[in-house]
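Here the structure comes first, spelled out in structure tokens, and everything after it is commentary.
The values are calculated or read from the model by the stated rules, or taken from the named source; none is laboratory data. All values derive from a computational prediction rather than experimental measurement. Note that each Cβ is placed from the backbone with ideal geometry, even for glycine, and that neighbours are counted across all protein chains shown.
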Amino acid sequence: MSQIESVLHETRSFPPSEAFRAAARISSAEEYERLYRESLDDPEAFWGRIARELPWIEPFEEVLDWSGAPVARWFTGGKTNASLVCVDRHLDGPRADKTAILWEGEPGDVRTLTYAELGAEVRRFANALKARGVKKGDRVAIYMPMVPELAIAVLACARIGAPHSVIFGGFSAQSIKDRVEDGGCTAVITADGGWRRGKPLPLKATVDEALVHAKDVHTVFCVRRCENDVDWVEGRDVWWHDAVAAADDDCPPEPMDSEDTLFLLYTSGSTGKPKGIQHTTAGYLVGAYLTSRYVFDLRDDDVYWCTADIGWVTGHSYIVYGPLANGATVVMYEGAPNEPHPGRFWELVQKHKVTVLYTAPTAIRAFMKWGDEHPAKFDLSTLRLLGTVGEPINPEAWMWYRRTIGGERCPIVDTWWQTETGAIMITPLPGVTATKPGSATRPFFGVDAAVVDEEGNELGPNEGGLLVLRKPWPSMLRGIWGDPERYRETYWSRFPGLYFAGDGARKDEDGCFWIMGRVDDVLNVSGHRLSTMEVESALVSHEAVVEAAVVARPDELTGEAICAFVTVGAGGEPSDALRDALKEHVAVEIGKLARPAEVRFAEALPKTRSGKIMRRLLRDIAAGRETVQDTTTLEDYSVLARLRGDEE
Ligand code: WTA
């Protein structure tokens, strides 16, 4: 297998404005270089110093113990607690009365919690957990809507040392059952429902179905949110409001060893069986804290909004742990971005005077499709910094984000990382980095990233290959729950001593990384290996197209031929002429080699619930095969049927 050829030629570059740079936490290239060099050359000094910025119950003895590689131990001998780091440390000063959580429900109801109020709620619910017998080391599953109680539940579990396993509120009963069983959870926290597109999503009913045979679950806490009817299992089920009414708010934090598990978070594996990614206390917190501080340049007067759901790692690290560790004001929104109108996000930005916004390419492409008139109705001038995560962002979507949302004024931080990495790994620093549309740019402090070939040799500038990490980092996963062998096999067996992320990438002449997508998705046409992301970006650069996914299908002549699935934007019309124009457009942009053999128009593309395009399903459709793959993580089943033409 040869390298991945890179065909994307993107030369635009946007240095931060002088005004942004001057006020930024890190504001000169020299400072960045000095810290970056220190973080690689003397990681113990660098990380030790950062870790000491956080509160400890007992100080750590050693920064890193890598003798058990690939399982790292960071800040060994130390004891702390995540709720101490995220809440208690703010309670002695003026931040006690600062808004910690600024929440809006889908129907428009608003609740705010100061750090002092958040602390009291966390301690009360922590006592409620204890009153039901939940103790240090017990695993607790959380299946909730995006309400403040979700953040409170997470922090309360941390306070008593019970690892949480948050399951995204859109998953099915079967997915909950698998995760509760795999994690050996003994308590579950849910809600009667959550508002989604004007209707209550019946969460408690789904939990009930999942737990029919779960004899180890002794308690189900239920938040009353939508007041929809729920079934009740006497002896097992407890209303949240009753439990906290009976609890007092005195609950000292459990001293947790640095390496004690903070949480499990399941991510889909290619074989179907989800992997319980295991994160521990101190290293994870140090990573989430430092990246939030420097990547989002957080300041005390910021109103910071990450639009992810806490059911994903982005919500763990960049709604709860990272921003709260920095004492930020965090916006949390319950509902859909187009309920009751496609400008809802922009209405929220205006209303709450959001200054930092972090969202996903899938959302940005949806906004492009819905049209510029929606953001245009609202005042977005409070925004000073934009971020994106989750997928490679096509340069045209990046430019749209910069222009239409950022008013050409806000730097964009395109942040590459994974559930497994715990925190952002490759990213611009907004006061320093000249950003390039489509590039996540430079490794963060302590991150030794490289692009290698099949043999593990480092490649030269602009040669596409496999992205690896060569040094352990504090927030790295410590394993897959209950399956240490799968941990070694998945991440560490391809190249001994290197963490293999599963993504393709190239590094340009300036040392900027361009992520090319999952290596499993790479196209192989006439012996050329091409990145899906680059061909898709060529399609999206055509004015009629807002979203595209390309896959390879078997072809007698070329081995594989490119089949493109394309969604047209407002005003565009699918037609044979457009189909031909798109093939030609790719041939001009990239070369004849990448010209799609087939273009299919699609109203929507199949995506995971976190918004990633599922190309493996499109490969089956392009080849005319039945899907035998796991589709339980698919967001909308009807999309598949429509693509197959089953629903004419
Ligand atoms: C992809 C989300 C390109 C990548 C935090 C990675 C990205 C996977 C980016 C992890 C980005 C995430 N540019 N690709 N900025 N961010 N990815 O575990 O393929 O949901 O391996 O974590 O998303 O997804 P996960």
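Suppose we filter 622, 561, 581 for residues that are in contact (Cβ under 8 Å) with a residue 24 or more places away in the chain and assigned to a strand (DSSP E or B); which single one remains?
Step by step, each of 622, 561, 581 is checked, and only 561 is in contact (Cβ under 8 Å) with a residue 24 or more places away in the chain and assigned to a strand (DSSP E or B).
Which of the numbered conditions does residue 207 fail, given that it passes all the others? Conditions: (1) in a loop (DSSP other than H, G, I, E, B); (2) aliphatic (A, V, I, L, M); (3) at pLDDT 95 or above.
(1)
Working carefully through the options 170, 235, find the one that is modelled with pLDDT under 95 and more than 30 Å from residue 80 (Cβ to Cβ).
One residue alone meets the criteria, 170.
In segment 378-393, which residue that is within 13 Å of the ligand (Cβ to nearest atom) and part of a loop (DSSP other than H, G, I, E, B) is modelled with the highest pLDDT?
Taking the candidates together, the pick is 389.
I need a count of the residues in segment 596-607 that are surrounded by fewer than 22 Cβ atoms within 10 Å (Cβ to Cβ) and either of a type outside the set (Asp, Glu) or within 16 Å of the ligand (Cβ to nearest atom) (or both).
Summing the residues that are surrounded by fewer than 22 Cβ atoms within 10 Å (Cβ to Cβ) and either of a type outside the set (Asp, Glu) or within 16 Å of the ligand (Cβ to nearest atom) (or both) in segment 596-607 gives 6.
Mind counting the residues in segment 174-198 that are of a type outside the set (Phe, Trp, Tyr), assigned to a strand (DSSP E or B) and modelled with pLDDT of 95 or more?
Matching residues across segment 174-198 total 8.
I want to confirm something. Restricting to segment 100-116 and keeping residues that are of a type in the set (Ser, Thr, Tyr) and touching a Leu at 6+ places or on another chain (Cβ under 7 Å), which single residue is nearest to residue 344 (Cα to Cα)?
This residue is 112.
Just to be sure before I move on: is residue 581 surrounded by 22 or more Cβ atoms within 10 Å (Cβ to Cβ) and out of contact with any Lys or Arg (no Cβ under 7 Å at 6 or more places or on another chain) in the structure I sent?
no
Checking the condition away from the ligand (no atom under 16 Å from the Cβ) and within 21 Å of residue 181 (Cα to Cα), which residue from 286, 220, 244, 230 passes?
From the options 286, 220, 244, 230, the qualifying one is 220.
Which residue out of 351, 369 is away from the ligand (no atom under 16 Å from the Cβ), surrounded by fewer than 19 Cβ atoms within 10 Å (Cβ to Cβ) and under 23 Å from the mean Cα position of the chain (by Cα)?
369
When you scan segment 1-89 for helices (runs of 4 or more DSSP H) that lie fully inside it, which ones turn up with 1 or more residues that are at pLDDT 95 or above and closer than 15 Å to residue 472 by Cβ?
The helices (runs of 4 or more DSSP H) meeting that bar are 29-41, 43-51.
Conditions: (1) surrounded by 20 or more Cβ atoms within 10 Å (Cβ to Cβ); (2) small (Gly, Ala, Ser); (3) assigned by TED's automatic domain parsing to the domain that holds residue 237. Residue 105 meets all but one. Number of the miss?
Status for residue 105: all satisfied but (3).
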